[in-house]
Amino acid sequence: MKEERNNIKLPSKFDDFNETRKNGFLKMKELKESGKNVAGIFCTYTPQEVIYAAGLIPVSLCATTEDSIKYAERDLPKNLCPLIKSSYGFAVSDTCPYFYFSDIIIGETTCDGKKKMYELMGDFKDVHVMQLPQNNTDELSFKLWTNEIYKLKRRLEEKFDVEITDEKLWEAIKIGNQERRNLKNFFELGKLNPSPLSGVTMSGTQDAFGFNFDREEKNKSIVEKTKEIYELWEKELKGKKTNRPRILITGCPVGGVREKILTRIEEAGADIVVYENCSGVREKLELIDETIENPIEAIAKKYLNLSCSVMTPNEKRFKDLDTLIDEYQVDAVIEIVLQACHTFAVESTKVKKFVTEKKGKPYMYIESDYSMTDVGQVSTRIEAFLEMI
């Protein structure tokens, strides 16, 4: 018999992803009417510090719903990644306010599907694509990526008639680092045992954070929530034992499968305590080095060292997994890969070997898309996996 989850009453102002995203539409409209410019982005490799230093507001355009895919499949193949199809579908149908309000789209060559999508998107929107190296350990890769950031800087300066000074970059770096610290502290609530937050709530809060465009307000809010949740845990849960398996989620972004997979994992009797993917703590593990003299080089060094499966070799991902499995007292790892995401799908062989052989933990691989057609099969597999732990 599965053990029920201990729950705490969340703070009254706790962000709901869907609600925050909708409210963000109105805030974005107000910002545009006040003269602000907006940059639409898709990936954690996009250096937001440069965008902020140019006086722009970055907003994520990664879509998480099946609804817009029908528009994308007029141009894109059906067997493409659902995140790409969903995002492009909103763009080409002009049904996403955030895309509509974006003055420029900043893309990156993290996968073949996205980089070719940007070519199509460039027919009806101003798109700037950053050429991301596929290796993050070679000196030439660092030089190439540094040059790409300089190119972005010049493009934004020319398009928006602004000057991006070192002072503006360092200011953006300091604020960005503080945001990383704040979010990392929030994610580390998952280290507590029993975990005070559901993984679904944790994931939704991270995504909602990006749709609050007042940086001071959202940083203050996440700090207050983290403190409030910890105090509630000390009062209501500290010292209580639980037999619920503690799960680490790795692989692709999970916003589009939150209901189908993440909710099912926790309903089946486990606690998702940490995400080793771009929807979670991965980008927050390393700050931008504020002691480096050149801010562009400092930005380049930090972003190039992210551990996405696009990198080859990708040793940092396994170092991060090693650390997170230990620090979060993880009992099992579930890897979620979106359909047609070839780099994560291929790398999953090494992840499985690392998790099962080096760490001695159970591992499960789930490949899916944004539809609900396989929800029954996914639920059955999850239940069977958790019963074996």
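The values are calculated or read from the model by the stated rules, or taken from the named source; none is laboratory data. Worth saying up front: this structure is predicted, and the values here are computed from it rather than measured. With ideal geometry, Cβ positions are generated from the backbone for all residues, glycine too; neighbour counts draw on all protein chains shown. The area values use the complete protein model at the heavy-atom level, side chains included, leaving out ligands, DNA and RNA. Shrake-Rupley method; radii C 1.70, N 1.55, O 1.52, S 1.80 Å.
Structure notes:
- On the stretch given as the range 59-113, residues that are among the β-branched types (Val, Ile, Thr), within 20 Å of Ala345 (Cα to Cα) and touching a Lys or Arg at 6+ places or on another chain (Cβ under 9 Å) total 3.
- Where Lys220 falls short, out of the listed (1) under 24 Å from Leu56 (Cα atoms); (2) open to solvent by less than 40 Å² (accessible area, probe 1.4 Å): (2)
- If only residues of the range 148-173 that are closer than 18 Å to Tyr303 by Cα and touching a strand residue (DSSP E or B) at 6+ places or on another chain (Cβ under 9 Å) are counted, the one that is surrounded by the fewest Cβ atoms within 10 Å (Cβ to Cβ) is Lys151.
- When the criteria are applied in full, Ile41 fails the requirement of being more than 20 Å from the chain's Cα centre (by Cα) and in contact (Cβ under 8 Å) with a residue 24 or more places away in the chain.
- Residues that are among the β-branched types (Val, Ile, Thr) and within 17 Å of Glu49 (Cβ to Cβ), drawn from the range 262-313: Ile288, Thr291, Ile292, Ile296, Ile299
- Candidate set: the range 252-270, residues that are over 16 Å from Thr205 (Cα atoms) and not β-branched (Val, Ile, Thr); chosen: the one most open to solvent (accessible area, probe 1.4 Å): Glu267
- Among the residues of the range 288-300, those identified as open to solvent by less than 60 Å² (accessible area, probe 1.4 Å) and of a type outside the set (Asp, Glu) are Ile288, Ile292, Asn294, Pro295, Ile296, Ala298, Ile299, Ala300.
- Screening Lys125 on (1) in a loop (DSSP other than H, G, I, E, B); (2) exposed (fewer than 14 other Cβ atoms within 10 Å of the Cβ) shows it passes everything except condition (2).
- Residue within the range 372-389 that is hydrophobic (A, V, I, L, M, F, W, C), more than 30 Å from Gln134 (Cα to Cα), open to solvent by 90 Å² or more (accessible area, probe 1.4 Å) and in contact with a Pro (Cβ under 9 Å, 6 or more places away or on another chain) present: yes
- Applying a threshold of 7 Å to beta carbon distances and a minimum spacing of six or more residues, or different chains, the list of pairs starting in the range 62-74 at a residue that is touching a residue at least 12 places away in the same chain (Cβ under 8 Å) and ending at one that is open to solvent by 40 Å² or more (accessible area, probe 1.4 Å) reads Ser68/Thr95; Tyr71/Val92; Ala72/Val92.
- The one condition from (1) surrounded by fewer than 22 Cβ atoms within 10 Å (Cβ to Cβ); (2) within 28 Å of Ile296 (Cα to Cα) that Glu276 does not meet is (1).
- Residue in the range 351-369 that is modelled with pLDDT of 95 or more, over 20 Å from Gln329 (Cβ atoms), open to solvent by less than 30 Å² (accessible area, probe 1.4 Å) and aliphatic (A, V, I, L, M) present: yes
- Within the set Asn185, Asn212, the sole residue that is within 17 Å of the chain's Cα centre (by Cα), over 29 Å from Ser348 (Cα atoms) and either open to solvent by 10 Å² or more (accessible area, probe 1.4 Å) or without any contact (Cβ under 8 Å) to a residue 12 or more places away in the chain (or both) turns out to be Asn212.
- Scanning the range 261-277 for residues that are within 21 Å of the chain's Cα centre (by Cα) and without any contact (Cβ under 8 Å) to a residue 60 or more places away in the chain gives Glu276, Asn277.
- Which numbered condition Arg258 misses (of (1) among the basic types (Lys, Arg); (2) within 23 Å of Asn193 (Cβ to Cβ); (3) under 15 Å from the mean Cα position of the chain (by Cα)): (2)
- The range 68-114 - residue that is touching a strand residue (DSSP E or B) at 6+ places or on another chain (Cβ under 8 Å) and of a type in the set (Asp, Glu) and, of those, least open to solvent (accessible area, probe 1.4 Å): Glu108
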